[in-house]
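The values are calculated or read from the model by the stated rules, or taken from the named source; none is laboratory data. In this text the structure is predicted, and so the values were computed from the model without any measurement. Every residue, glycine among them, receives a Cβ derived from its backbone with ideal geometry; neighbour counts consider all protein chains shown. Areas reflect the complete protein model, heavy atoms only, side chains present, ligands, DNA and RNA absent. Shrake-Rupley method; radii C 1.70, N 1.55, O 1.52, S 1.80 Å.
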Amino acid sequence: MSRKQRLILMVTTLLLTNCRDSTTDSHPIAFSEPLISKVLEKVRDEYVEKPDENKMLEGALNGMLAALDPYSCFFTNESFKLYTDSQKGEFGGLGLNVLFIDGILKVIAPMDDMPAQKAGIKAGDLITHIDGTPVIGLPVNDVFKRLHGNPGTSVTLKISRGAATPIVIRVTRDTIIVNPVKYRTQGNIGYIRISNFNDQTTDKLTKAIEAIQKNLHKNLQGLVLDLRNNPGGSTEQAVSVANLFLDSGTIVQIKSRHADRNNTYKASGADLLKGIPIAILINQGSASASEIVAAALRDNNRAVLIGEKTFGKGSIQDHFTIDNYGIIKVTIARFYTPKGEEIQDKGVQPDILLAPPAPDLLREYEKTNELDDKQLQRAIDLVQGLWAVKNRL
């Protein structure tokens with residue numbers, strides 16, 4: 001038996017997991033090479049067409065990992081390159097952060113000013129079809145290939161949005177350039193938007209803070225940190241970003257099955273704002289690294305959170321190469337707030353619950369007139385009030 005056939009047999013057992021009527025609690029199906037061999041042999045002999053065993057292998061691997069959680073999956077070498085390119089600063093695509101849940105693509109958040117957002121796709125949307133093909137049943141690798149493509153080409157997405165009638169949106173791909181930090185001042189308040197936690201975020205955030213301080217000098221009264229629709233990214237960047245605003249305290253706790261992966265990150269720097277009030281804007285599109293930062297500053301009494309409960313992505317994945325077959329992404333740990341609260345599937349609750357603004361306003365943050373953005377105006381009013389109280393004492 002060839003090595004490839006052996007691997008197919010080892011993972012094809014996953015195809016049996018949905019056939020619950022074929023087993024009982026007293027005789028559960030286990031990973032058994034003889035059983036898998038018989039199933040594969042029967043499929044080869046009886047299936048209506050000659051089976052594509054490569055496709056079977058890929059589907060089995062993805063199904064086996066998806067049974068763990070929505071964040072674990074299998075990549076071919078080709079699709080892994082698409083995935084890693086999308087984690088860098090520039091790539092071709094839609095500018096969309098998605099998550100597989102029960103065979104459906106859920107939008108975590110569209111990227112600022114990118115094709116998906118401009119086309120009207122929102123955080124929480126469910127993508128059910130890509131170019132007319134149902135997403136359910138598609139391997140992760142196929143989904144990556146269908147969403148990515150050369151700038152100028154288009155893709156049609158069927159969107160389910162709550163109880164509303166599904167809609168079809170056509171999106172033209174573009175070169176996605178991820179600029180994680182944008183900033184401006186509004187009166188005596190600094191405003192910084194972090195849209196992604198990539199390897200540039202901490203450096204650009206530091207420069208943004210310095211620019212705001214230089215512009216306002218001693219007149220700086222507060223900072224609004226906008227993490228709405230920020231799907232996260234690097235855990236290390238989240239820790240270093242939180243560290244910019246803390247003199248001491250725990251930032252995040254990492255817990256795993258393996259003791260050597262457990263870690264507690266503590267602040268080791270100096271608060272660049274020296275205690276100036278901070279308000280953080282969060283919503284259902286704030287996930288992962290965004291939740292680390294929000295919880296760290298909240299639990300250390302350094303910031304007030306305004307908006308909606310966050311997404312609830314409190315886990316860490318690592319990648320492992322499987323010989324020449326591809327790469328698997330597997331959840332290896334979960335993170336907890338400084339106070340020990342689990343974030344996975346629970347999210348981070350705001351201190352002040354406030355309904356979101358009109359969807360289009362989130363991509364207009366550069367403009368100075370944001371009176372319709374009630375979350376932002378509430379944050380500005382809050383830090384101004386905290387500044388007044390702080391300087392009265």
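What the table below lists for this structure:
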| item | result |
| --- | --- |
| Test: residue in segment 247-261 that is closer than 22 Å to A289 by Cβ, open to solvent by 20 Å² or more (accessible area, probe 1.4 Å), assigned to a helix (DSSP H, G or I) and of a type outside the set (G, A, S) | yes |
| Boolean, T201 is of a type outside the set (A, V, I, L, M, F, W, C) and open to solvent by less than 20 Å² (accessible area, probe 1.4 Å) | yes |
| Residue match in segment 177-196 (condition: open to solvent by 70 Å² or more (accessible area, probe 1.4 Å) and β-branched (V, I, T)) | yes |
| Pick from segment 294-306, criterion assigned to a helix (DSSP H, G or I) and either open to solvent by 10 Å² or more (accessible area, probe 1.4 Å) or touching a Ser or Thr at 6+ places or on another chain (Cβ under 9 Å) (or both), ranking: nearest to P277 (Cα to Cα) | R298 |
| Lone qualifier among I328, I316 - being closer than 20 Å to N230 by Cβ and either in contact with a His (Cβ under 9 Å, 6 or more places away or on another chain) or part of a strand (DSSP E or B) (or both) | I316 |
| Check on K274, basic (K, R), open to solvent by 10 Å² or more (accessible area, probe 1.4 Å) and on the phi < 0 side of the Ramachandran plot | no |
| Condition broken by Q284, with the remaining ones in (1) among the polar types (S, T, N, Q); (2) at pLDDT 95 or above; (3) open to solvent by 40 Å² or more (accessible area, probe 1.4 Å); (4) closer than 16 Å to F311 by Cβ satisfied | (2) |
| Conditions (1) open to solvent by 20 Å² or more (accessible area, probe 1.4 Å); (2) more than 26 Å from D113 (Cα to Cα); (3) out of contact with any Asp or Glu (no Cβ under 9 Å at 6 or more places or on another chain); (4) not β-branched (V, I, T): number failed by K309 | (2) |
| Residue count, segment 330-346 (criterion: over 18 Å from R302 (Cβ atoms) and polar (S, T, N, Q)) | 2 |
| S290 surrounded by fewer than 22 Cβ atoms within 10 Å (Cβ to Cβ) and in contact (Cβ under 8 Å) with a residue 24 or more places away in the chain | no |
| Residue in segment 26-55 that is modelled with the lowest pLDDT, counting only those that are among the basic types (K, R) and more than 38 Å from the chain's Cα centre (by Cα) | K38 |
